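Chemist: First the structure, then my questions, so here it is.
Coordinate-derived values only; no laboratory data. Predicted model only: the values in this text are computed from it and were never measured. Neighbour counts are summed over all protein chains in view; Cβ atoms, including those assigned to glycine, are modelled from backbone coordinates with ideal geometry.
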Amino acid sequence: MIRTTDTQLIRTYIDNNIGGVLDISYVSKNVFSDIPIDNLRKYISRFAKDAVIKKVSKGIYLIGESSLNDRERIISHYCNKLGSGMIIGNSLLYKYGYIDEEPEVIEIATSLTRGNKLIESLGVQLIESHNGFYNEDTKNVLEAIELLRLAPKISEEGRISSGFKAMELLQNSYDDKYFNIYVKEFPYSRQVYILLASYLKKMNISNKVMEHYENYRRIRFRED
């Protein structure tokens, strides 16, 4: 039986992901774990020289052509796939219309990269997420918590509106048993979780947010 070469494996991956993104830090751990990282970088560099893929930042390449522009492709890959990531920070406020000026750099928390990366040419900041986003409910809750964290940065009218949006996202999505996912994903300040608990209480959603939060803090304290 003829063994498939490493180059052939990578070429097959490229052919199967036309229009997508190749992130070396991710594929080296999750797709090509049997290929030594230095060899992987060398092979991928050759494909880039042959214009099979296009480098947009260190370790990040666009595969083939797409109807989307380069920035849209990056955002779609790291953020829009179910379970891959979400927009955070001022970019989330802009997404929901709570600030008027679009940030020059869009921030994305994503499980499809390793380490934080700024794709300067496209105005995209990738922030590594360790736990992933699992499903739409988890993503809704994380967005709600992020809006609660960001509320002090916007106008009073915006805070009221973002509060209603947070409640909308929490409704039918919050579940105590997944709280450890939320708190590990973004270790916010105690005040943010107090606010989350108060919103859930207003909505008559039974929760043990503060109990879980304090347990998590105790575990982290012992680990540190």
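Chemist: Below 8 Å between Cα atoms, with a sequence gap of 6+, how large is the relative contact order for the chain in percent?
Modeler: 13 percent
Chemist: Report the full-extension gain for the segment ILE181 to GLU157: residue separation times 0.36 nm, less the Cα-Cα distance, to one decimal in nm.
Modeler: Full extension from ILE181 to GLU157 adds 5.6 nm.
Chemist: Give the residue from SER33, TYR43, THR12 lying farthest towards the positive end of the charge dipole for segment 6-63; charges sit on Cβ (+1 for Lys and Arg, -1 for Asp and Glu) and the dipole is referred to the Cα centre.
Modeler: It is TYR43, whose Cα lies furthest towards the positive end.
Chemist: Moving to a separate point now. Would you mind calculating the relative contact order of segment 1-71 from Cα pairs under 8 angstrom and at least 6 residues apart, reporting the percent as a whole number?
Modeler: 38 percent
Chemist: Using the Kirkwood radius over C-alpha pairs as Rh, can you work out the diffusion coefficient of the chain via Stokes-Einstein at 37 °C, viscosity 0.692 mPa s, in µm² per second?
Modeler: 169 µm²/s
Chemist: Excluding the sites themselves, what is the longest stretch of the chain that contains no GluC sites (Glu not before Pro) in a DSSP loop with at most 16 other C-beta atoms within 10 Å?
Modeler: 105-224
Chemist: Would you mind counting up the charge near GLY115? Only other residues with Cβ under 11 Å from its Cβ, with Lys and Arg at +1 and Asp and Glu at -1.
Modeler: +1
Chemist: State whether segment 70-197 is rounded, prolate or oblate according to the following rule on the C-alpha gyration tensor (a ≥ b ≥ c being the square roots of its eigenvalues): a/c under 1.5 gives rounded; otherwise a/b larger than b/c gives prolate, and the remaining case gives oblate.
Modeler: oblate
Chemist: Relative contact order for segment 120-221 using alpha-carbon pairs under 8 Å, separation at least 6, rounded to a whole percent?
Modeler: 28 percent
Chemist: Still on this model: In a Gaussian network model over the chain where Cα atoms closer than 10 Å are linked, find which of ILE24, ILE106, ILE194 has the largest mean-square fluctuation.
Modeler: Per the Cα network of the chain with a 10 Å cutoff, ILE194 tops the list.
Chemist: So how much slack lies between ARG217 and GLU104, counting 0.36 nm per residue of separation and subtracting their Cα-Cα distance, in nm?
Modeler: Full-extension gain reported as 37.2 nm.
Chemist: Continuing with this model, one more query. Rounded, prolate or oblate: which one fits segment 6-63, using the alpha carbon gyration tensor with axes a ≥ b ≥ c (rounded when a/c is under 1.5, else prolate when a/b beats b/c, else oblate)?
Modeler: rounded
Chemist: To continue, here is another question. Note the direction-averaged projected area, equal to a quarter of the hull surface, for the Cα convex hull of segment 136-223, in nm².
Modeler: Mean orientational projected area (segment 136-223, Cα hull): 5.5 nm².
Chemist: Exposed loop sites here are trypsin sites (Lys or Arg not before Pro) in DSSP loop states with at most 14 other C-beta atoms within 10 Å. What is the longest stretch of the chain lacking them?
Modeler: Between exposed loop sites, the widest span is 82-207.
Chemist: Still on this structure: Run the reach check for LYS177 against lysines, Cα to Cα strictly under 20 Å, same-chain hits fewer than 8 apart removed. What comes back?
Modeler: The reachable lysines, counting only those whose Cα sits under 20 Å from LYS177, are LYS139, LYS201, LYS202, LYS208.
Chemist: So, in nm, how far is label SER189 from label THR7 when the simple model puts each one 7 Å beyond its Cα toward the Cβ?
Modeler: According to this spin-label approximation, the distance is 5.6 nm.
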